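Note sheet for the following structure.
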Amino acid sequence: MGLWTRIVLLLAFMIIGRGEGKLVENFYSSSCPNVESIVQQAVSTKFSQTFTTIPATLRLFFHDCFVEGCDASIMIGSPNNDAEKDAPDNISLAGDGFDTVIKAKQAVEQACPGKVSCADILAIAARDVVVLAGGPSFNVELGRRDGLISQASLVAGNLPEPTFNLNQLNTIFAKNNLSQHDMIALSGAHTVGFSHCSRFSNRLYSFSSSSPVDPSLSSTYAQQLEAACPQNVDPSIAVDLDPVTPRTFDNVYYQNLVAGKGLLTSDQVLYTNPKSQPTIVDFANNPGDFNGAFTAAMRKLGRVGVKTGNDGQIRTDCTAFNS
């Protein structure tokens, strides 16, 4: 084999080995070595001001990755209210998630101007809020660049709805290379956070012609929800997704499902459907199994549709494309 042939083969192996959109844990080891500690400090400061930081940041990461990939396109503001964040499915995203990323980005820019993407900062912050709430830590893969497209019209049909059944959930997660096991693990993020009454009121007052209340709901839980969410309630009223330990990242969400205390249809169906029930029972009984599955699924989620290399840009302001 000639020298030139060996060089060509070596280059081919290097390209294959690198893979498309490959992320690495130590991406900023030389350009911004303290990025993770800087973000962690900013997230901790925000968390000390409001617990909503936890679920808001986690949900922001999820909603970002499922539309146009994990590229911080969710962060873009538009004077015409036609960016991703303005879509009906994203209107309810809490401002504390956006603020967490913006504050972290400002701190990172002071130390390493123009080096770290908003997409990577959001990914790091999503891990940090899980840890702050008592959940498992994991290494975050980095190297994302910020996307150049943010359109409200691209959101519809790309995020799971609270009324979804198991097949619908599996289909939308599979579009993002996530398995049923990943989907069930990521649903465990509902161990923190809240949902507005309008997202589940049909389960209390208009479930079916034969039963206004969803029979898969625990009767005592249904009564608690009716008290919290009477008909024609103020649309700003919200209820904890986990009624038992709403401020702790744990496996109690799955124990709630076994007890008929899943707030959304898309939560409770994970237990009532025999195809997913064994995983729910496993996670309810074995927190280590849930933690392992959740961290693996978060790393997979973080790879969805990433822009790397020369794609996209490193935004200086997370809310605006570089001019």
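Each residue in segment 174-199 was checked for being under 23 Å from ALA228 (Cβ atoms) and either at pLDDT below 95 or surrounded by fewer than 22 Cβ atoms within 10 Å (Cβ to Cβ) (or both), and 7 of them qualify.
Residues of segment 152-168 that are outside any loop (DSSP other than H, G, I, E, B), open to solvent by 50 Å² or more (accessible area, probe 1.4 Å) and small (Gly, Ala, Ser): SER153 alone. Among the residues making up segment 215-232, those that are assigned to a loop (DSSP other than H, G, I, E, B) and either in contact (Cβ under 8 Å) with a residue 40 or more places away in the chain or crowded, with 16+ Cβ neighbours inside 10 Å (or both) are SER216, LEU217, SER218, CYS229. Does PRO136 count as surrounded by fewer than 24 Cβ atoms within 10 Å (Cβ to Cβ) and under 16 Å from VAL192 (Cβ atoms)? Answer is yes for this residue. Does PRO243 count as more than 22 Å from the chain's Cα centre (by Cα) and either closer than 20 Å to LEU178 by Cβ or without any contact (Cβ under 8 Å) to a residue 60 or more places away in the chain (or both)? For PRO243, the condition - more than 22 Å from the chain's Cα centre (by Cα) and either closer than 20 Å to LEU178 by Cβ or without any contact (Cβ under 8 Å) to a residue 60 or more places away in the chain (or both) - is not met.
Residues in segment 43-86 that are open to solvent by less than 10 Å² (accessible area, probe 1.4 Å) and of a type in the set (Val, Ile, Thr): VAL43, THR53, ILE54, THR57, VAL67, ILE74, ILE76. Of all positions in segment 187-198, at least one carries a residue that is farther than 22 Å from GLU84 by Cβ and more than 15 Å from the chain's Cα centre (by Cα). Remark: pairs (first residue in segment 44-60, farther than 9 Å from VAL129 by Cα; second residue open to solvent by 20 Å² or more (accessible area, probe 1.4 Å) and outside any helix (DSSP H, G or I); Cβ separation under 8 Å; 6+ apart in sequence or on different chains) = PHE51/ARG247; THR52/ALA94; ALA56/ALA94; ARG59/ALA94. Among the residues of segment 205-214, is any part of a helix (DSSP H, G or I) and modelled with pLDDT of 95 or more? Yes, there is a match, as at least one residue in segment 205-214 is part of a helix (DSSP H, G or I) and modelled with pLDDT of 95 or more.
The values are calculated or read from the model by the stated rules, or taken from the named source; none is laboratory data. Since the model is a prediction, treat every value here as computed from it, not as a measurement. FYI the Cβ positions are ideal-geometry reconstructions off the backbone, even for glycines, and counts take in every protein chain you see. To get the accessible areas, we keep the full protein, side chains included, count just its heavy atoms, and leave off ligands, DNA and RNA. Shrake-Rupley method; radii C 1.70, N 1.55, O 1.52, S 1.80 Å.
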